[in-house]
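**Q** Starting off with a structure, shown below.
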Amino acid sequence: MRVTLNRDFYKGSDGSSLSDTRCEQMVLLFDMLNDIPDVFVTYKQIQEYAVTRSLYGNAKADSVVRTYFPLLCKLGFAKNDDYIKTSDVFTESGKQMILLYRALGDAKRANNQEIVDRLYDVKANLIQLGIKFWFNTESEKDNNIWLALDLFSKMETVDWDEFLYAIYLWHRGKNTSDIVSTLINNRNNGVEYEFFKEDGKSLPDTTYTYIRALLIEAHIIRNINSSTSTITQEGKNFIETVF
């Protein structure tokens with residue numbers, strides 16, 4: 001089945017998750033802001049500070065910040081006010097994530113796998129709390145992540161092509177019950193999907209990979225293979241508290 005997706009349909013997929021790399025970048029940003037006198041700054045000025053200090057080596061620091069900082073704000077880990085004190089950019093939950101990653105680095109250097117595993121569990125819990133914060137943000141009610149969670153709660157196992165087709169149906173006025181029925185029927189009939197942008201080019205898998213990664217980092221889902229994921233028991237318990 002050939003499906004063309006409008007950019008407005010899939011643009012709700014955020015361009016980052018909270019991988020180890022992103023969290024390490026977050027710690028560097030936190031330390032940079034701590035080194036700056038407690039002054040009011042804009043989001044643009046934060047990016048400029050990162051550039052002038054070569055915060056991420058040879059990488060374009062402003063681009064790196066733009067990649068992950070919006071997600072931190074959505075999760076309630078940081079603020080993106082017009083003018084904000086450098087000491088207030090990271091919220092209390094954001095500072096907890098910073099402390100966790102410092103501890104995680106210590107545990108990894110000490111080769112203490114038991115502590116590392118426990119800290120990743122704590123990280124997952126913090127992300128879950130962040131997702132709840134995100135869900136309660138009125139302007140974010142249409143984000144594609146909520147459709148993904150709804151599908152996993154109803155189907156348990158989801159192929160990510162099915163998720164993309166669900167986005168297509170959702171923006172055509174289908175409710176999730178109808179979407180699930182259609183997906184299951186297509187699955188039983190061996191329907192395969194091909195997705196394209198409006199210009200006819202193939203749709204990149206980045207339309208869902210960041211959502212998938214974040215839900216895995218939160219221990220809400222786990223991968224079965226490269227294209228299919230399933231909900232965990234922890235994920236089932238979490239979704240019951242959200243929906």
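**Q** If we keep just the residues of segment 148-200 that are β-branched (Val, Ile, Thr) and part of a helix (DSSP H, G or I), which is surrounded by the fewest Cβ atoms within 10 Å (Cβ to Cβ)?
**A** The residue in question is 184.
**Q** With respect to residue 130, determine if the residue is at positive phi, buried (at least 17 other Cβ atoms within 10 Å of the Cβ) and either modelled with pLDDT of 95 or more or in a helix (DSSP H, G or I) (or both).
**A** no
**Q** Which condition number in (1) in the same structural domain as residue 232 (by TED's automatic domain parsing); (2) under 16 Å from residue 214 (Cβ atoms) is the one that residue 125 fails?
**A** Every listed condition holds for residue 125 apart from (1).
**Q** Quick one: in segment 94-122, of everything that is among the small types (Gly, Ala, Ser) and more than 17 Å from residue 214 (Cα to Cα), which residue is surrounded by the fewest Cβ atoms within 10 Å (Cβ to Cβ)?
**A** 110
**Q** A further question follows. Identify all residues within segment 108-132 that are among the small types (Gly, Ala, Ser) and touching a Lys or Arg at 6+ places or on another chain (Cβ under 9 Å); write none if there are none.
**A** Result: 130, single match.
**Q** Right, here's the next one. Restricting to segment 106-137, name every residue that is of a type in the set (Gly, Ala, Ser) and touching a residue at least 40 places away in the same chain (Cβ under 8 Å).
**A** 124, 130
**Q** Please go through segment 202-243 and give me each residue that is buried (at least 21 other Cβ atoms within 10 Å of the Cβ) and under 15 Å from residue 153 (Cβ atoms), ordered by number.
**A** 211, 215, 218, 220, 221, 229, 231, 235, 238
**Q** Something else now. Tell me, which residue of segment 75-115 that is among the hydrophobic types (A, V, I, L, M, F, W, C) and not in a helix (DSSP H, G or I) is farthest from the chain's Cα centre (by Cα)?
**A** 110
**Q** Tell me whether segment 18-40 contains one or more residues that are under 23 Å from residue 215 (Cβ atoms) and part of a loop (DSSP other than H, G, I, E, B).
**A** Within segment 18-40, one or more residues are under 23 Å from residue 215 (Cβ atoms) and part of a loop (DSSP other than H, G, I, E, B).
The values are calculated or read from the model by the stated rules, or taken from the named source; none is laboratory data. Note that the structure is predicted; figures quoted are calculated from it, not measured. When we count neighbours, we look across all protein chains shown, and the Cβ atoms used for this are built from the backbone with ideal geometry, even at glycine.
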